[in-house]
Amino acid sequence: MPTSTKTHSSAYSATKIPSEWDAVPCVQYGFPEDKGPIRAPKLKTIFEPVPEDANTASPVYLLTPDEYERQSEFESGYEVSGTTSIGKELQDTCEDDDRVLYPIHIESDEYLKAGPETLIEWFREFTEEWLGVPFDKCTFYFSGNRSIHVHVPRFVQRETQRERLKKQAETFCEETGAELDVGLYYAKRLFRLPGVTHSSSTLPKVTIEPEWEHDRIISEATSSSPELPESYAEVLRDVFVHRGEVTTPATQSPSMEPHAEIHPNLDLDAAVLELESDERVVETPLIEGGYPESNPSDVPKWAQYRTKEFSPYALGAGNPRSVAALRVKGGAFARKDKRNGDTMIPAYFYGAVGCNGEFTKEQQHAPLQLSKQDYQKWDATAGDILVIIGGQSRSSRILNVSSWQAEVVGTELTGEKANREAALAFLSDEGYDVGNSGSANSGSLTGRKSDRDKKSIWQARSNPQTDAERLQLQAERDGIKTLTHPERTQVACRHLKQGWQPTWEWFEAQFGEDFKPDVTWTNLRNLVEYYEYDQIEVPDKPV
């Protein structure tokens, strides 16, 4: 059981705030319909006593001292114009200024259907694998009805981080089949306080341990009479300090730092989680300005960034697939004046023909447009020679070819006798899987050659050439668990170009005895289906 909360002497009084505080941490309390307002019209500091009959509390809003004192100008809190209450107005202002600490809670209402063991597995994987927080540092509660609540000893701050947390939870559920309550991650969400009795079951929200079975959980809920927290600071102290151990050896003064009033050793910097985006960043190009008339040698470089781009996807509906043979000349970039900021790759085109057959490139330097799907799996570097077969689906086949093969394809695609089917037939004869002919409505992608050939995944080079290879090297040197879930996904996309079995074997080798066949199968299958790896046949799920 977690250490019980002890009485805490607060230096703060309800009428005076230390002059050194530049932020006043406050929450909004909620009440049952027959006991008070669903949402209190004013915010209270987290150090004040929890109001009588309150059963929920909001995220923590960091008001300025002036904003906090302004509430005293309103008798009820509802007199403010333009919104429902002064509390709502202050919440909106804090959200706009990124002055909100959102506690990370995880819940699922599938307790009665799936059982506590399944819920704990979902919670453990999401906490450790996706958030990078030790599961044993979390505080666990039975809701009193049909769910388990996990209070993670972390906040997220800023609206972009809250949205990112929500997106990660949604993606986790999609990829694993878990059923978490992602509605927790909306702004102004109210969370049930510990010790509160659930109206449907008359059982209280009680602290439990993750290894407890159903009977032990119900016994704890029916036999215990937990005390309600004296303040919301007490709830945070239990989660972040007593159980979470998010502390620093240095003692801080409550008169100087509001969070030190929760506990003098609370490490607020460590308590705020920074979630990484799974979106790859596209850099702004250095090539600017007009056509370099004074220096003809600069023209190819300029053209790779500034001339009309080639799109593998334009006018794809009802038309044959586009085909392009090219050499990559640099890293990805984006420009506001090109395709609404879509990702571009500087390239030299041996030859290319668009879906409708009218737009072509022949021995030209120009940008290549990439869709979001194609960029997520892009692993090419300067000097790589590729053939890209695209269309309406915006998920292309990307083939690594030799310079000779690219020249042949380029020749077939251009000139008076241009014939894209001849180019595809040539690639097929060379052993590449080019997919079905005809319309690109069933858009797909592939790795280098047909998956009928046995492939291997080589160890990452000591001087990795791509982000995915750098992450592979990190996993092989420091362990797969040093990668976040989005980073593992990036490595998986790199490896799936070599086929299902090599990718499976690589992950199995990295995880060792911690390898989970069912989880790995689900994650790889989702990638195959999302990015349309048509050349990969997904095997049956392991039992």
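The values are calculated or read from the model by the stated rules, or taken from the named source; none is laboratory data. Everything quoted here is computed from the prediction, not taken from an experiment. Because the Cβ atoms are built from the backbone with ideal geometry, glycine has one as well, and the counts that use them run over all protein chains shown. Protein only, heavy atoms only, side chains kept; ligands, DNA and RNA dropped before computing areas. Shrake-Rupley method; radii C 1.70, N 1.55, O 1.52, S 1.80 Å.
Overview of values
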item	result
Gain upon complete extension [A509, E211; 0.36 nm per residue less C-alpha separation]	104.4 nm
Student exercise, the stretch 67-136 dipole from Lys, Arg, Asp, Glu Cβ charges, in Debye to nearest 20	140 debye
Where N is the number of residues in the chain, Cα Rg divided by 2.2 N^0.38 Å	1.20
Residue-count net charge about Y350 - beta-carbon cut-off 9 Å; Lys, Arg +1, Asp, Glu -1	0
Centre separation in Å (Cα based) which lies between the stretch 497-522 and the stretch 174-196	30 Å
Förster-model FRET efficiency, 51 Å R0, D540 and A418, C-beta, rounded to 0.05	0.70
Distance from the stretch 141-172 to the stretch 327-399 (C-alpha centre basis), Å	39 Å
Heavy-atom accessible surface of the chain: percent carbon and sulfur, 1.4 Å	45 percent
Under-5 Å amide H pairs with A347, H placed in peptide plane, nonlocal only	K329, A366, L368
Value of [θ]222 nm, deg cm²/dmol, for the chain, DSSP H segments ≥ 4, -39500 (n - 2.57) each, nearest 500	-8000 deg cm²/dmol
Cross-link table K205/K481; K167/K188; K16/K44; K329/K377; K35/K166, entries beyond 22 Å C-alpha to C-alpha	K205/K481; K35/K166
Residues listed by number, the stretch 472-508, amide nitrogen under 16 Å from E128 label point at 7 Å toward C-beta	479-485
Cα-centre dipole for the chain with unit charges at Cβ (Lys and Arg positive, Asp and Glu negative), debye to 20	1620 debye
Where the chain is the region considered: accessible area per residue in Å², 1.4 Å probe	47 Å²
Computed log₁₀ I(q)/I(0) - Debye formula, equal Cα scatterers, no solvent, the stretch 145-233, q 0.11, 0.13, 0.16 Å⁻¹	-0.42, -0.58, -0.84
q = 0.13 Å⁻¹: log10 I(q)/I(0) that the Debye formula gives for the stretch 208-271, counting C-alpha atoms only	-0.49
Rounded, prolate or oblate (a/c below 1.5 giving rounded, otherwise prolate when a/b exceeds b/c) for the stretch 464-535 by Cα gyration tensor	oblate
Share antiparallel - DSSP beta bridges, the chain, percent rounded to 5	95 percent
Unit charges at the beta carbon, dipole of the stretch 16-99: most positive-side option, S85, V50, L62	V50
Among S456, L119, A468 the positive-end extreme of the charge dipole of the chain (Cβ point charges)	S456
